[in-house]
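The values are calculated or read from the model by the stated rules, or taken from the named source; none is laboratory data. Just so it is clear, the structure is predicted and the values come from calculations on it, not from any experiment. With ideal geometry, Cβ positions are generated from the backbone for all residues, glycine too; neighbour counts draw on all protein chains shown. Keep in mind that these areas ignore ligands, DNA and RNA; they rest on the heavy atoms of the full protein, side chains included. Shrake-Rupley method; radii C 1.70, N 1.55, O 1.52, S 1.80 Å.
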Amino acid sequence: MSPTANCPNCGAPIRFRWSSAVQTVCEFCRSILVRRDVDLEKVGTVADLPQDSSPLQLAAEGIYRNRAFVVVGRILYEYEQGGWNEWHIVFNDGASGWLSDAQAEYAVSFQTPMTGLPAANEVRRGARYQWNGVDYQVTTLTRAHYRGVEGELPFEYWDKTEVLFADLASRDGRFATLDYSDPEPLLFTGEAVSFDDLRLKNLRQFEGW
């Protein structure tokens, strides 16, 4: 498929920022669109997303470890203590990762292929695991509710309800997350980052800034 297409629901032009995107959202009719071979298929519709105070938005740009990236998508979650965004970021070399944005705390992570991950009914707070030579300990278990998506994602993600996440930390400040949104768990590893270090631009503007 070319970097441009038309929405099968409303006919509006769809332009992909990332050539490897599997899913996107039409900016005009809010249809969730999934690539099927050379066609786009409507699989759902995004409800209005709740307002939040995040300065990030689609097309924001930043720097992580001297690598430039652009924000191309978002998954929004809510849980009993609030909510957070998982922003899908794409680097200049085509690689992609995630920028977590939770109450002004930020972290960058990448999916890390790993076999033998613990099942959802096995993971416990305090449990220890070692991946790629790093020792991690489970610090929190969070059951979150999926609230919506926007922009481009590297996989289909539109029909979720409650999702379990296990967050882990290492002694040297690294972190990991076990994501149980699919039948097989996924592992993401990364590190906390400061807002200033990301050197972000093209941010949302708020009154008083």
Tally up the residues in region 133-146 that are among the hydrophobic types (A, V, I, L, M, F, W, C), surrounded by fewer than 16 Cβ atoms within 10 Å (Cβ to Cβ) and closer than 23 Å to GLU86 by Cα, please. 1
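Specify which of the listed residues (VAL123, VAL138, VAL149) is β-branched (Val, Ile, Thr) and touching an Asp or Glu at 6+ places or on another chain (Cβ under 9 Å).
Details: VAL123 fails: touching an Asp or Glu at 6+ places or on another chain (Cβ under 9 Å); VAL149 fails: touching an Asp or Glu at 6+ places or on another chain (Cβ under 9 Å).
Sole residue among the options that is β-branched (Val, Ile, Thr) and touching an Asp or Glu at 6+ places or on another chain (Cβ under 9 Å): VAL138.
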Of the conditions (1) closer than 19 Å to GLU156 by Cα; (2) surrounded by fewer than 17 Cβ atoms within 10 Å (Cβ to Cβ); (3) in contact with a Phe, Trp or Tyr (Cβ under 6 Å, 6 or more places away or on another chain); (4) at pLDDT 90 or above, PRO8 clears all except one; give me its number. (3)
Only one of GLN130, GLN111, GLN103 is under 20 Å from PRO55 (Cα atoms) and open to solvent by 90 Å² or more (accessible area, probe 1.4 Å), namely GLN103
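Going through VAL123, VAL149, VAL163, VAL90 one at a time, which residue ends up being more than 28 Å from VAL25 (Cα to Cα) and open to solvent by less than 20 Å² (accessible area, probe 1.4 Å)? Spell out the reasoning first.
Details: VAL149 fails: more than 28 Å from VAL25 (Cα to Cα); VAL163 fails: more than 28 Å from VAL25 (Cα to Cα); VAL90 fails: more than 28 Å from VAL25 (Cα to Cα).
Selected residue: VAL123, the only one of VAL123, VAL149, VAL163, VAL90 that is more than 28 Å from VAL25 (Cα to Cα) and open to solvent by less than 20 Å² (accessible area, probe 1.4 Å).
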For region 85-99, enumerate the residues that are in contact (Cβ under 8 Å) with a residue 60 or more places away in the chain and not aliphatic (A, V, I, L, M). HIS88, GLY94, SER96, GLY97, TRP98
Scanning region 11-26 for residues that are at pLDDT 90 or above and open to solvent by 30 Å² or more (accessible area, probe 1.4 Å), the one farthest from ILE89 (Cα to Cα) turns out to be GLY11
Would you pick out the residues in region 150-209 that are under 27 Å from ASP37 (Cα atoms) and touching a Ser or Thr at 6+ places or on another chain (Cβ under 8 Å)? GLY151, GLU152, LEU153, PRO154, TYR157, LYS160
Test: residue in region 104-112 that is assigned to a loop (DSSP other than H, G, I, E, B), modelled with pLDDT of 95 or more and closer than 19 Å to LEU168 by Cα: yes
